[in-house]
Amino acid sequence: MKLYYKPGACSLATHIVLNELGLSFDVESVDTAAKKTAGGRDFLEINPDGYVPALELDNGTVLTEGAAILQYLADQHPASGLAPAPGSWARTQLHQHLNFISAELHKSFGPLFLGAEGAARDAAVEKVLKRIAHFEPIFADGRTYLMGDAFSVADAYLFTVLNWTGFVGISLDEFPNVKAFQARAGGRAAARHALEREGLLKA
């Protein structure tokens, strides 16, 4: 397998899950602005939509859309416990978390990455904080991860998006439960190895 990624982007979640599963895979970074891979290939030939992640399977099939990739990987390795069984109530809860992270939290960072300033930036920061606040009571009961004690693909995605707060100057101090989750998830070997490989953390 090969993961096409941009350092620190949402593709980091897939990188973490691949590590959690202990799979053998290659990585290749992508300049998403130029639509070129590090090897010089036209990235639009790999993913016509032009964004990461893209996961090329051993048979040449390319999967896109982060939440779908995460669930595919978990379902190929059910013993990992990274996703509840399809059709279960717990799986529905996982879908709920993944959908909120993707549609609400992830997207709310857009204006900040596009360089919003002044009132526009203030409004964007307020929206991001509101979306982060959604998770604070989830961890208030002492649960370790979104689904309970077990780390799931949703945790990999949440960690990845929350990590962007450091790039855009947003503090997590007003969300102690979320901040504690971020430290736990980031302390996992799979996350550290992914961050190191993407050049975001010194070994």
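The values are calculated or read from the model by the stated rules, or taken from the named source; none is laboratory data. A quick note: this is a predicted structure, and the numbers were derived from the prediction, not measured. A quick note on method: Cβ atoms are made from the backbone with ideal geometry, for glycine too, and the neighbour counts reach across all protein chains shown. Protein only, heavy atoms only, side chains kept; ligands, DNA and RNA dropped before computing areas. Shrake-Rupley method; radii C 1.70, N 1.55, O 1.52, S 1.80 Å.
Summary of values
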quantity	calculated
Computed helical MRE - 222 nm, the chain, DSSP H runs ≥ 4 contributing -39500 (n - 2.57), nearest 500	-12500 deg cm²/dmol
10 Å Cβ shell holding at most 13 others, DSSP loop, GluC sites (Glu not before Pro): longest site-free stretch of the chain	1-116
Relative contact order (%) - the range 75-203, alpha-carbon pairs under 8 angstrom, separation at least six	23 percent
Partners for residue 107 among lysines (Cα-Cα distance below 25 Å; same-chain residues under 8 apart left out)	6, 35, 36, 127, 130, 179
The range 48-109, relative contact order [Cα under 8 Å, separation at least 6], %	17 percent
Cα shape, the range 43-124, gyration tensor, a/c 1.5 rule	oblate
Surface per residue (accessible, 1.4 Å probe) for the chain, Å²	48 Å²
Choice from 146, 82, 44 showing the highest fluctuation, given a GNM over the chain with Cα pairs closer than 10 Å	44
Check: the chain dipole with +1 on Lys, Arg Cβ and -1 on Asp, Glu Cβ, in debye	240 debye
Cα-based shape type of the range 57-203, given that a ≥ b ≥ c are square roots of the gyration tensor eigenvalues and the cut on a/c is 1.5	prolate
Point-charge dipole on Cβ atoms (K/R +1, D/E -1) for the range 6-78, about Cα centre, debye to 20	220 debye
